[in-house]
Amino acid sequence: MSSPEKTLLRQLTAKNRKYNMRKTPQRSCISCRNVFDKKDLLRIVRTPEGEVEVDPTGKMSGRGAYICSNPECIKKQLSGKSRLASNLNANITSEQRDEIKMKIEEYFRISEGDGKEH
Ligand SMILES: [Zn+2]
């Protein structure tokens, strides 16, 4: 007893799975340019007011950039001349930069310190 319906259903399911996989939004990190699932990246936004904000919800309006959890990427974007600022075409003070860096590290739970819990 063959069951063409079952085969068809299986094919459809496989198709759907593939479709869903392709639908996972992907973005590239502004620093290393590697492509990641959007959920693995943190969105940073330049708001219409010209402020740079960390946007964990991904829903803030403004020009967005994505950064991955690699500490090197974060360091690169947020130290010295701050490439992040030029990527977003925004002016950020070193104070703001430190704050943003802190928020990013907090988001990715990166501890640069001695590994002690605070
Ligand atoms: Zn990166």
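Taking N as the number of residues in the range 25-108, what is its alpha-carbon radius of gyration divided by 2.2 N^0.38 Å?
That works out to 0.96 for the range 25-108.
Which order results if 78, 8 are arranged by neighbouring Cβ count within 10 Å, fewest first?
Going from sparsest to densest Cβ surroundings: 8, 78.
Compute the FRET efficiency between residue 75 and residue 26 as 1/(1 + (r/R0)^6), taking r as their Cβ-Cβ distance and R0 = 25 Å, and round to the nearest 0.05.
That gives a FRET efficiency of 0.60.
What is the packing order of peptides 67-76, 93-102, taking the mean over residues of other C-beta atoms within 10 Å and listing the highest first?
Packing order, densest peptide first, comes out as 67-76, 93-102.
Every number in this text was worked out from the coordinates using simple rules, so none of it is lab data. Computed from a predicted model, the values in this text were never measured in an experiment. As a convention, Cβ positions derive from the backbone with ideal geometry for all residues, glycine included, and neighbour counts pool all protein chains shown.
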